[in-house]
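Below is one structure, written out as structure tokens, with a few remarks after it.
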Amino acid sequence: MSAEPSGPLSVVFLHGHGDRPDEYRQLAAQFLPAGVSLVLPAGPCARRDGTLAWFEADPEGGPDPAQLVAALAAVDTAVADACHVHATTAERVVVGGFSQGGAVALAWALARGSLGRGRGPRVAGIFCVAGWLPDADCLDLDLASVVDVAFLIAHGEHDEAVPLPMGRSVMRVLERNGWTVTFAGGDHGHELAPFAAVLRTWLTTLS
């Protein structure tokens, strides 16, 4: 039997490909409501330039399966850390990220058994900024077993790295399957900062 939701809201934020977690700490101050804590896990793939990633591409251009599995396990650990360090329960945790981090957040949330559907804990919300839903044979996604969890998809109209249709397609497939999704667009490129106010407002509704 799961514990009743209690404790402060905590955000597990997943950085983008070729970034470092601490690069987002200053920006997070713009999108975190007062009293909301932050966990910045590091992607498990170290790159030659000293930056990090959640996964690299396999020879066919998709996510490396072993690295993607390791990335999802790292999110499990980050959620557990958020609960322990900030004295909260999983249902008071929000998981999200930017670009590749957002893609990992979606894959983690929609994997079979996740969100309290048998394997992983149910959380308060999922957000993806300028990301996509990865396509990999190692992913066993369950879109049909709908859970009452808030989703936010934010994507700029002029995103040159992850084109807007990739973000909109996530929204559409979730909505077709009965999930409740908030979508935010705008005259932006591949960037997080323009969505800080939107993210802050959305997180406030969960606080």
Item checked: Any chance Arg172 is under 19 Å from Leu199 (Cα atoms), among the basic types (Lys, Arg) and either part of a strand (DSSP E or B) or modelled with pLDDT of 95 or more (or both) -> no
Next item on the list: Can you run down the residue pairs with Cβ atoms below 6 Å, 6 or more apart or on separate chains, where the first is in segment 181-199 and hydrophobic (A, V, I, L, M, F, W, C) and part of a loop (DSSP other than H, G, I, E, B) and the partner is at pLDDT 95 or above and crowded, with 17+ Cβ neighbours inside 10 Å?
Entry: Leu192/Phe98; Leu192/Val129
Note to self: Take Asp76 and tell me if it is charged (D, E, K, R) and in contact with a Phe, Trp or Tyr (Cβ under 6 Å, 6 or more places away or on another chain).
What the structure shows: no
Check: Failed condition for Cys138, given (1) under 22 Å from Val75 (Cα atoms); (2) under 17 Å from the mean Cα position of the chain (by Cα), with all others met?
Finding: (2)
Next item on the list: Please indicate, with yes or no, whether at least one residue in segment 145-162 is of a type in the set (Ser, Thr, Tyr), buried (at least 17 other Cβ atoms within 10 Å of the Cβ), under 24 Å from Pro65 (Cβ atoms) and without any contact (Cβ under 8 Å) to a residue 60 or more places away in the chain.
Entry: no
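Out of curiosity, is Ala66 modelled with pLDDT of 95 or more and under 29 Å from Gly116 (Cα atoms)? Can you show your working first?
Numbers: modelled with pLDDT of 95 or more: no; under 29 Å from Gly116 (Cα atoms): yes.
Considered against the rule, which asks whether it is modelled with pLDDT of 95 or more and under 29 Å from Gly116 (Cα atoms), Ala66 comes out as no.
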Notebook entry, point to check: Only one of (1) outside any helix (DSSP H, G or I); (2) aliphatic (A, V, I, L, M); (3) within 12 Å of the chain's Cα centre (by Cα) fails for Ala144. Which number is that?
Noted result: (3)
Next item on the list: Determine which single condition Pro165 fails, assuming it passes every other condition in (1) over 17 Å from the mean Cα position of the chain (by Cα); (2) without any contact (Cβ under 8 Å) to a residue 24 or more places away in the chain; (3) under 17 Å from Ala111 (Cα atoms).
Entry: (3)
Item checked: Test result for Ala87, among the aliphatic types (A, V, I, L, M) and more than 16 Å from Leu14 (Cα to Cα) -> yes
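The values are calculated or read from the model by the stated rules, or taken from the named source; none is laboratory data. Since the structure is predicted, the reported quantities are computational estimates derived from the model, not experimental observations. Glycine also receives a Cβ, built like all others from the backbone with ideal geometry; neighbour counts cover every protein chain displayed.
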